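The values are calculated or read from the model by the stated rules, or taken from the named source; none is laboratory data. Just so we're clear, the structure is a prediction, and the values are computed from it rather than from any experiment. Cβ: placed from backbone, ideal geometry, glycine included. Neighbour counts: every protein chain shown.
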Amino acid sequence: MAEYRFVLQKYKRGNKITCPNCGKKRCFVRYIDTEGKIHFPGYVGRCDHEHSCQYHYKPSDYFKDNPMSVENMDRGNRITKVVQQEQPTSYIDNELMERTISNYSINPLFVFLTGIIGKEKTDRIFRLYKIGTSKKWSGATVYWQIDWHGRVRSGKIMLYNSSDGHRVKEPHSFVCWVHSELHLQNFNMKQCLFGEHLLSQYPSKPVAIVESEKSALIASHFMPDFIWLATGGIHGCFREESIRVLKNRSVMLCPDLGAFEAWKAKIPMLSAVCSKVIISEHLELVATEEQRKKGLDIADFLLMTETPVMALQRMIKRNPSIGTLIERLQLELVGFYNADTTPIQRQISCNNQNDKKTRVNTNIYSI
(Lines give C-alpha, C1' and ligand atoms only; values in the text may rest on other atoms or scores of the structure.)
Protein backbone atom coordinates (compact mmCIF):
# COMPACT_ATOMS: atom_id res chain seq x y z
CA MET A 1 0.00 0.00 0.00
CA ALA A 2 1.34 3.46 -0.95
CA GLU A 3 1.69 5.85 1.97
CA TYR A 4 2.83 9.45 2.10
CA ARG A 5 5.78 10.38 4.24
CA PHE A 6 4.15 13.63 5.39
CA VAL A 7 0.68 13.05 6.83
CA LEU A 8 -1.85 14.78 9.05
CA GLN A 9 -1.39 13.79 12.67
CA LYS A 10 -3.75 11.00 13.74
CA TYR A 11 -6.44 12.12 16.14
CA LYS A 12 -5.61 11.77 19.80
CA ARG A 13 -7.22 13.63 22.66
CA GLY A 14 -5.58 17.02 23.06
CA ASN A 15 -3.54 17.09 19.84
CA LYS A 16 -5.79 19.53 17.97
CA ILE A 17 -4.69 23.13 18.42
CA THR A 18 -5.91 26.66 17.66
CA CYS A 19 -6.15 27.43 13.94
CA PRO A 20 -3.60 30.11 12.92
CA ASN A 21 -6.08 31.45 10.36
CA CYS A 22 -9.55 31.61 11.97
CA GLY A 23 -8.39 31.54 15.59
CA LYS A 24 -10.86 28.85 16.67
CA LYS A 25 -9.65 26.45 19.34
CA ARG A 26 -9.04 22.70 19.00
CA CYS A 27 -9.79 22.50 15.28
CA PHE A 28 -6.33 22.54 13.67
CA VAL A 29 -4.46 19.35 12.74
CA ARG A 30 -0.73 19.57 12.09
CA TYR A 31 1.32 17.69 9.53
CA ILE A 32 4.03 15.34 10.78
CA ASP A 33 6.97 13.52 9.25
CA THR A 34 6.46 9.76 9.63
CA GLU A 35 10.26 9.36 9.65
CA GLY A 36 10.55 11.85 12.50
CA LYS A 37 13.34 13.85 10.85
CA ILE A 38 11.47 17.07 10.12
CA HIS A 39 9.44 19.11 12.60
CA PHE A 40 7.12 21.53 10.84
CA PRO A 41 6.14 24.92 12.28
CA GLY A 42 2.74 25.15 13.93
CA TYR A 43 1.09 26.73 10.90
CA VAL A 44 1.63 23.69 8.64
CA GLY A 45 -1.66 21.81 8.78
CA ARG A 46 -5.38 21.89 8.06
CA CYS A 47 -8.38 23.47 9.79
CA ASP A 48 -11.45 21.31 10.42
CA HIS A 49 -13.72 24.16 9.33
CA GLU A 50 -13.45 23.33 5.65
CA HIS A 51 -16.27 25.63 4.57
CA SER A 52 -15.90 28.72 6.75
CA CYS A 53 -12.10 28.84 7.21
CA GLN A 54 -10.68 26.66 4.41
CA TYR A 55 -7.11 26.97 5.75
CA HIS A 56 -4.87 24.17 4.48
CA TYR A 57 -1.12 24.76 4.41
CA LYS A 58 0.55 21.62 3.08
CA PRO A 59 4.14 20.41 3.51
CA SER A 60 4.63 21.03 -0.22
CA ASP A 61 3.65 24.67 0.36
CA TYR A 62 6.11 24.87 3.23
CA PHE A 63 9.00 23.49 1.16
CA LYS A 64 8.09 25.81 -1.71
CA ASP A 65 8.24 28.79 0.63
CA ASN A 66 11.34 27.47 2.42
CA PRO A 67 13.65 25.96 -0.22
CA MET A 68 16.56 25.76 2.22
CA SER A 69 14.64 23.12 4.18
CA VAL A 70 14.58 20.91 1.10
CA GLU A 71 18.30 21.37 0.52
CA ASN A 72 19.01 20.26 4.06
CA MET A 73 17.19 16.99 3.57
CA ASP A 74 18.94 13.84 2.47
CA ARG A 75 18.45 13.24 -1.22
CA GLY A 76 16.72 9.97 -0.62
CA ASN A 77 14.34 11.57 1.82
CA ARG A 78 12.77 14.14 -0.48
CA ILE A 79 8.99 14.46 -0.81
CA THR A 80 8.29 11.09 -2.40
CA LYS A 81 5.95 8.23 -1.75
CA VAL A 82 7.36 5.32 0.17
CA VAL A 83 5.99 1.81 0.09
CA GLN A 84 5.18 0.27 3.42
CA GLN A 85 3.86 -3.14 4.29
CA GLU A 86 0.08 -3.09 4.46
CA GLN A 87 -1.27 -3.51 7.96
CA PRO A 88 -4.49 -5.48 8.48
CA THR A 89 -7.63 -3.52 9.29
CA SER A 90 -8.60 -3.54 12.96
CA TYR A 91 -12.16 -4.20 14.11
CA ILE A 92 -14.24 -3.74 17.24
CA ASP A 93 -16.32 -6.50 18.81
CA ASN A 94 -19.89 -6.42 17.48
CA GLU A 95 -21.17 -7.26 20.94
CA LEU A 96 -19.80 -3.96 22.24
CA MET A 97 -21.63 -2.11 19.48
CA GLU A 98 -24.91 -3.91 20.19
CA ARG A 99 -24.74 -2.92 23.87
CA THR A 100 -24.74 0.75 22.90
CA ILE A 101 -27.94 0.52 20.84
CA SER A 102 -30.05 1.58 23.81
CA ASN A 103 -30.60 4.40 26.32
CA TYR A 104 -31.99 6.63 23.59
CA SER A 105 -33.91 8.71 26.11
CA ILE A 106 -30.63 10.36 27.17
CA ASN A 107 -29.28 10.70 23.62
CA PRO A 108 -29.63 14.41 22.66
CA LEU A 109 -29.82 13.70 18.93
CA PHE A 110 -32.56 11.13 19.48
CA VAL A 111 -34.48 13.61 21.63
CA PHE A 112 -34.18 16.28 18.93
CA LEU A 113 -35.33 14.03 16.09
CA THR A 114 -38.20 12.73 18.20
CA GLY A 115 -39.53 16.28 18.23
CA ILE A 116 -39.26 16.36 14.42
CA ILE A 117 -40.57 13.00 13.22
CA GLY A 118 -41.79 11.25 16.37
CA LYS A 119 -40.31 8.65 18.70
CA GLU A 120 -41.33 5.54 16.76
CA LYS A 121 -39.83 6.68 13.46
CA THR A 122 -36.69 8.00 15.12
CA ASP A 123 -36.23 4.67 16.91
CA ARG A 124 -36.62 2.81 13.61
CA ILE A 125 -33.95 4.93 11.91
CA PHE A 126 -31.53 4.67 14.84
CA ARG A 127 -31.83 0.89 14.86
CA LEU A 128 -31.56 0.67 11.08
CA TYR A 129 -28.25 2.53 11.15
CA LYS A 130 -27.26 0.93 14.48
CA ILE A 131 -26.77 4.26 16.22
CA GLY A 132 -25.34 3.96 19.71
CA THR A 133 -25.49 5.98 22.90
CA SER A 134 -22.25 6.60 24.75
CA LYS A 135 -21.79 7.18 28.47
CA LYS A 136 -19.31 9.84 27.42
CA TRP A 137 -20.70 13.36 27.75
CA SER A 138 -23.84 11.85 29.32
CA GLY A 139 -25.34 10.29 26.23
CA ALA A 140 -23.42 11.36 23.11
CA THR A 141 -24.32 9.78 19.77
CA VAL A 142 -22.17 6.95 18.40
CA TYR A 143 -22.02 6.61 14.63
CA TRP A 144 -20.79 3.08 14.14
CA GLN A 145 -18.93 2.46 10.89
CA ILE A 146 -20.02 -1.01 9.82
CA ASP A 147 -18.68 -2.35 6.55
CA TRP A 148 -20.30 -4.45 3.83
CA HIS A 149 -19.51 -7.66 5.72
CA GLY A 150 -21.03 -6.41 8.99
CA ARG A 151 -17.66 -5.83 10.65
CA VAL A 152 -17.34 -2.80 12.93
CA ARG A 153 -14.44 -0.56 11.90
CA SER A 154 -14.92 1.91 14.78
CA GLY A 155 -17.44 4.46 16.00
CA LYS A 156 -17.44 8.23 15.89
CA ILE A 157 -18.75 9.79 19.11
CA MET A 158 -20.40 13.21 18.73
CA LEU A 159 -22.37 15.39 21.12
CA TYR A 160 -25.45 17.31 19.98
CA ASN A 161 -27.77 19.90 21.45
CA SER A 162 -31.18 18.34 22.06
CA SER A 163 -33.03 21.60 21.42
CA ASP A 164 -31.76 22.43 17.92
CA GLY A 165 -29.90 19.29 16.82
CA HIS A 166 -26.65 21.16 16.24
CA ARG A 167 -23.27 19.84 17.31
CA VAL A 168 -21.90 21.15 20.58
CA LYS A 169 -18.69 23.01 19.71
CA GLU A 170 -18.10 25.13 22.81
CA PRO A 171 -15.93 25.29 24.81
CA HIS A 172 -14.46 22.76 22.36
CA SER A 173 -15.60 20.34 19.69
CA PHE A 174 -17.05 17.23 21.33
CA VAL A 175 -15.87 14.56 18.88
CA CYS A 176 -13.78 11.44 19.46
CA TRP A 177 -13.46 7.81 18.35
CA VAL A 178 -14.43 4.64 20.18
CA HIS A 179 -11.09 2.92 19.63
CA SER A 180 -9.31 5.93 21.16
CA GLU A 181 -11.61 5.89 24.19
CA LEU A 182 -10.94 2.17 24.63
CA HIS A 183 -7.19 2.82 24.43
CA LEU A 184 -6.75 -0.01 21.93
CA GLN A 185 -3.09 -0.47 21.14
CA ASN A 186 -1.84 -0.59 17.54
CA PHE A 187 -5.39 -0.11 16.26
CA ASN A 188 -5.31 0.32 12.49
CA MET A 189 -8.59 1.97 11.57
CA LYS A 190 -9.64 2.11 7.94
CA GLN A 191 -12.82 4.08 7.63
CA CYS A 192 -15.74 2.96 5.51
CA LEU A 193 -18.85 4.78 4.37
CA PHE A 194 -21.33 5.33 7.18
CA GLY A 195 -24.36 3.14 6.49
CA GLU A 196 -22.39 0.77 4.26
CA HIS A 197 -23.90 -2.27 5.99
CA LEU A 198 -27.27 -1.37 4.41
CA LEU A 199 -25.99 -2.06 0.90
CA SER A 200 -26.19 -5.82 1.36
CA GLN A 201 -29.68 -5.52 2.88
CA TYR A 202 -31.05 -3.54 -0.06
CA PRO A 203 -29.19 -4.74 -3.18
CA SER A 204 -31.52 -3.04 -5.68
CA LYS A 205 -31.95 0.37 -4.07
CA PRO A 206 -30.19 3.42 -5.54
CA VAL A 207 -27.66 5.15 -3.29
CA ALA A 208 -27.47 8.79 -2.20
CA ILE A 209 -24.33 10.12 -0.54
CA VAL A 210 -24.11 13.08 1.84
CA GLU A 211 -21.31 14.44 3.98
CA SER A 212 -22.56 14.13 7.56
CA GLU A 213 -23.95 11.11 9.34
CA LYS A 214 -26.81 13.13 10.84
CA SER A 215 -27.86 14.22 7.35
CA ALA A 216 -28.01 10.58 6.24
CA LEU A 217 -30.38 9.77 9.12
CA ILE A 218 -32.68 12.69 8.40
CA ALA A 219 -32.74 12.19 4.63
CA SER A 220 -33.50 8.48 5.06
CA HIS A 221 -36.78 9.45 6.72
CA PHE A 222 -37.89 12.03 4.17
CA MET A 223 -36.63 10.16 1.08
CA PRO A 224 -36.65 6.43 1.90
CA ASP A 225 -36.35 5.34 -1.75
CA PHE A 226 -32.56 5.75 -1.42
CA ILE A 227 -29.93 4.14 0.76
CA TRP A 228 -28.38 7.19 2.39
CA LEU A 229 -24.66 6.95 3.09
CA ALA A 230 -22.27 9.50 4.57
CA THR A 231 -18.60 10.18 3.90
CA GLY A 232 -17.97 11.80 7.28
CA GLY A 233 -16.34 14.86 5.70
CA ILE A 234 -15.97 16.82 2.49
CA HIS A 235 -13.27 14.38 1.34
CA GLY A 236 -14.04 11.62 3.81
CA CYS A 237 -14.22 8.14 2.30
CA PHE A 238 -13.83 9.20 -1.32
CA ARG A 239 -11.02 6.74 -1.94
CA GLU A 240 -10.81 4.01 -4.56
CA GLU A 241 -10.63 1.37 -1.86
CA SER A 242 -13.73 2.67 -0.07
CA ILE A 243 -16.02 3.10 -3.08
CA ARG A 244 -15.58 -0.44 -4.39
CA VAL A 245 -18.69 -1.40 -2.40
CA LEU A 246 -20.69 0.81 -4.80
CA LYS A 247 -19.93 -1.39 -7.79
CA ASN A 248 -22.80 -1.45 -10.31
CA ARG A 249 -24.86 0.88 -8.12
CA SER A 250 -26.77 3.96 -9.22
CA VAL A 251 -25.42 6.81 -7.09
CA MET A 252 -26.53 10.39 -6.46
CA LEU A 253 -24.14 12.81 -4.78
CA CYS A 254 -25.68 15.46 -2.52
CA PRO A 255 -22.85 17.80 -1.50
CA ASP A 256 -23.13 20.48 1.14
CA LEU A 257 -23.21 24.08 -0.03
CA GLY A 258 -19.64 25.03 -0.85
CA ALA A 259 -18.58 21.46 -1.66
CA PHE A 260 -20.14 21.10 -5.10
CA GLU A 261 -16.94 21.47 -7.14
CA ALA A 262 -14.94 19.22 -4.82
CA TRP A 263 -17.55 16.45 -5.15
CA LYS A 264 -17.99 16.99 -8.87
CA ALA A 265 -14.29 16.18 -9.24
CA LYS A 266 -15.00 12.74 -7.71
CA ILE A 267 -17.40 11.71 -10.48
CA PRO A 268 -14.78 10.14 -12.81
CA MET A 269 -13.50 7.93 -9.98
CA LEU A 270 -17.03 6.85 -9.08
CA SER A 271 -18.05 6.34 -12.70
CA ALA A 272 -15.35 3.70 -13.05
CA VAL A 273 -17.20 1.62 -10.44
CA CYS A 274 -20.87 2.65 -10.41
CA SER A 275 -23.44 1.99 -13.11
CA LYS A 276 -24.61 5.62 -12.96
CA VAL A 277 -23.43 8.72 -11.12
CA ILE A 278 -25.21 12.06 -10.91
CA ILE A 279 -24.68 15.07 -8.70
CA SER A 280 -27.58 17.07 -7.32
CA GLU A 281 -27.49 20.79 -8.10
CA HIS A 282 -30.69 21.59 -6.24
CA LEU A 283 -29.10 23.27 -3.22
CA GLU A 284 -26.81 25.34 -5.43
CA LEU A 285 -29.81 26.64 -7.37
CA VAL A 286 -32.08 27.56 -4.45
CA ALA A 287 -29.67 28.64 -1.69
CA THR A 288 -29.35 32.22 -0.51
CA GLU A 289 -25.99 33.88 0.06
CA GLU A 290 -26.46 33.52 3.83
CA GLN A 291 -27.15 29.80 3.48
CA ARG A 292 -24.02 29.41 1.35
CA LYS A 293 -21.89 31.08 4.00
CA LYS A 294 -23.23 28.63 6.59
CA GLY A 295 -22.51 25.64 4.33
CA LEU A 296 -25.99 24.17 4.81
CA ASP A 297 -26.74 20.65 3.61
CA ILE A 298 -29.76 18.74 2.37
CA ALA A 299 -30.90 17.90 5.90
CA ASP A 300 -31.01 21.58 6.83
CA PHE A 301 -33.34 22.23 3.90
CA LEU A 302 -35.51 19.23 4.68
CA LEU A 303 -36.01 20.47 8.23
CA MET A 304 -37.14 23.90 7.03
CA THR A 305 -40.56 22.42 6.29
CA GLU A 306 -42.69 21.94 9.37
CA THR A 307 -43.52 18.29 10.05
CA PRO A 308 -46.73 17.10 11.74
CA VAL A 309 -44.84 16.39 14.96
CA MET A 310 -43.26 19.85 14.90
CA ALA A 311 -46.66 21.49 14.39
CA LEU A 312 -48.15 19.48 17.23
CA GLN A 313 -45.29 20.43 19.56
CA ARG A 314 -45.80 24.07 18.63
CA MET A 315 -49.48 23.78 19.52
CA ILE A 316 -48.69 22.12 22.84
CA LYS A 317 -46.24 24.88 23.67
CA ARG A 318 -48.92 27.45 22.91
CA ASN A 319 -51.61 25.52 24.78
CA PRO A 320 -50.23 22.94 27.27
CA SER A 321 -53.71 21.51 27.85
CA ILE A 322 -53.52 19.89 24.41
CA GLY A 323 -50.51 17.87 25.57
CA THR A 324 -52.36 16.85 28.73
CA LEU A 325 -55.34 15.72 26.66
CA ILE A 326 -53.16 13.68 24.31
CA GLU A 327 -51.39 12.02 27.23
CA ARG A 328 -54.55 11.15 29.17
CA LEU A 329 -56.41 9.81 26.15
CA GLN A 330 -53.28 8.08 24.77
CA LEU A 331 -53.70 9.85 21.45
CA GLU A 332 -51.29 9.08 18.63
CA LEU A 333 -50.45 11.14 15.56
CA VAL A 334 -51.05 8.84 12.57
CA GLY A 335 -51.82 10.98 9.52
CA PHE A 336 -50.86 14.17 7.79
CA TYR A 337 -52.16 16.08 4.81
CA ASN A 338 -50.78 19.39 3.64
CA ALA A 339 -51.82 21.88 0.98
CA ASP A 340 -50.19 25.19 0.25
CA THR A 341 -53.14 27.39 1.18
CA THR A 342 -55.41 25.07 3.16
CA PRO A 343 -55.34 23.97 6.82
CA ILE A 344 -53.09 21.09 7.78
CA GLN A 345 -55.18 18.12 8.80
CA ARG A 346 -54.07 15.57 11.34
CA GLN A 347 -55.56 12.24 12.23
CA ILE A 348 -55.10 11.22 15.82
CA SER A 349 -55.97 7.76 16.97
CA CYS A 350 -56.42 6.47 20.49
CA ASN A 351 -57.01 3.17 22.18
CA ASN A 352 -60.27 2.93 24.09
CA GLN A 353 -60.93 0.60 26.96
CA ASN A 354 -61.75 -2.23 24.53
CA ASP A 355 -58.44 -1.67 22.67
CA LYS A 356 -60.39 -0.45 19.63
CA LYS A 357 -58.86 2.50 17.81
CA THR A 358 -60.99 5.60 17.48
CA ARG A 359 -59.91 8.11 14.86
CA VAL A 360 -60.34 11.80 15.52
CA ASN A 361 -59.90 14.39 12.77
CA THR A 362 -58.47 17.68 13.97
CA ASN A 363 -57.95 20.78 11.83
CA ILE A 364 -54.74 22.53 12.78
CA TYR A 365 -54.12 25.96 11.35
CA SER A 366 -50.71 27.54 10.84
CA ILE A 367 -51.12 30.51 13.17
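In the stretch 19-40, is there at least one residue being within 25 Å of E241 (Cα to Cα) and touching a residue at least 60 places away in the same chain (Cβ under 8 Å)?
Within the stretch 19-40, not a single residue is within 25 Å of E241 (Cα to Cα) and touching a residue at least 60 places away in the same chain (Cβ under 8 Å).
Here is a list: L253, L229, L257. Which entry is without any contact (Cβ under 8 Å) to a residue 40 or more places away in the chain and of a type in the set (A, V, I, L, M, F, W, C)? Steps first, please.
Details: L253 fails: without any contact (Cβ under 8 Å) to a residue 40 or more places away in the chain; L257 fails: without any contact (Cβ under 8 Å) to a residue 40 or more places away in the chain.
None of the others qualify; the one that does is L229.
May I ask you to verify whether S250 is touching a Pro at 6+ places or on another chain (Cβ under 6 Å) and either over 22 Å from G139 (Cβ atoms) or in the same structural domain as C47 (by TED's automatic domain parsing) (or both)?
Yes; evaluated as a whole, the condition is true for this residue.
Given the criteria crowded, with 17+ Cβ neighbours inside 10 Å, touching a residue at least 12 places away in the same chain (Cβ under 8 Å) and within 24 Å of R26 (Cα to Cα), does K130 qualify?
no
Residues to consider are L217, L229, L193; find the one that is closer than 25 Å to F260 by Cβ and in contact with a Cys (Cβ under 7 Å, 6 or more places away or on another chain).
L193
Looking only at the stretch 253-269, count every residue that is among the aliphatic types (A, V, I, L, M) and either buried (at least 16 other Cβ atoms within 10 Å of the Cβ) or part of a loop (DSSP other than H, G, I, E, B) (or both) and tell me the total.
4
Mind listing whichever residues of the stretch 117-175 are assigned to a strand (DSSP E or B), closer than 27 Å to R244 by Cα and not hydrophobic (A, V, I, L, M, F, W, C)?
Passing the criteria: G132, Y143, Q145, R153, S154, G155, K156.
Inspect all residues belonging to the stretch 198-206 and state whether any of them is hydrophobic (A, V, I, L, M, F, W, C), under 17 Å from the mean Cα position of the chain (by Cα) and at negative phi. Don't jump to the end; show me each part of the working.
Pass one, the stretch 198-206, residues hydrophobic (A, V, I, L, M, F, W, C): 198-199.
Next cut, under 17 Å from the mean Cα position of the chain (by Cα) only: 198.
Then keep just the ones that are at negative phi; that gives 198.
Within the stretch 198-206, one or more residues are hydrophobic (A, V, I, L, M, F, W, C), under 17 Å from the mean Cα position of the chain (by Cα) and at negative phi.
Scanning the stretch 73-93 for residues that are over 25 Å from the mean Cα position of the chain (by Cα) and surrounded by 10 or more Cβ atoms within 10 Å (Cβ to Cβ), which turns out modelled with the highest pLDDT?
So in the stretch 73-93, the residues over 25 Å from the mean Cα position of the chain (by Cα) come out as 73-88.
Add one more test, that the residue is surrounded by 10 or more Cβ atoms within 10 Å (Cβ to Cβ), and what stays is 73, 77-79, 82, 84, 86-87.
Values: M73: 56, N77: 51, R78: 49, I79: 47, V82: 40, Q84: 42, E86: 55, Q87: 75.
The extreme case among them is Q87.
Of the residues H221, H183, only one is part of a loop (DSSP other than H, G, I, E, B) and either in contact with an Asp or Glu (Cβ under 8 Å, 6 or more places away or on another chain) or surrounded by fewer than 21 Cβ atoms within 10 Å (Cβ to Cβ) (or both); which?
H183
Every residue in the stretch 29-57 that is farther than 24 Å from R292 by Cβ, within 28 Å of the chain's Cα centre (by Cα) and either modelled with pLDDT of 85 or more or assigned by TED's automatic domain parsing to the domain that holds E211 (or both), please.
V29, R30, Y31, I32, V44, G45 - these are the residues of the stretch 29-57 that are farther than 24 Å from R292 by Cβ, within 28 Å of the chain's Cα centre (by Cα) and either modelled with pLDDT of 85 or more or assigned by TED's automatic domain parsing to the domain that holds E211 (or both).
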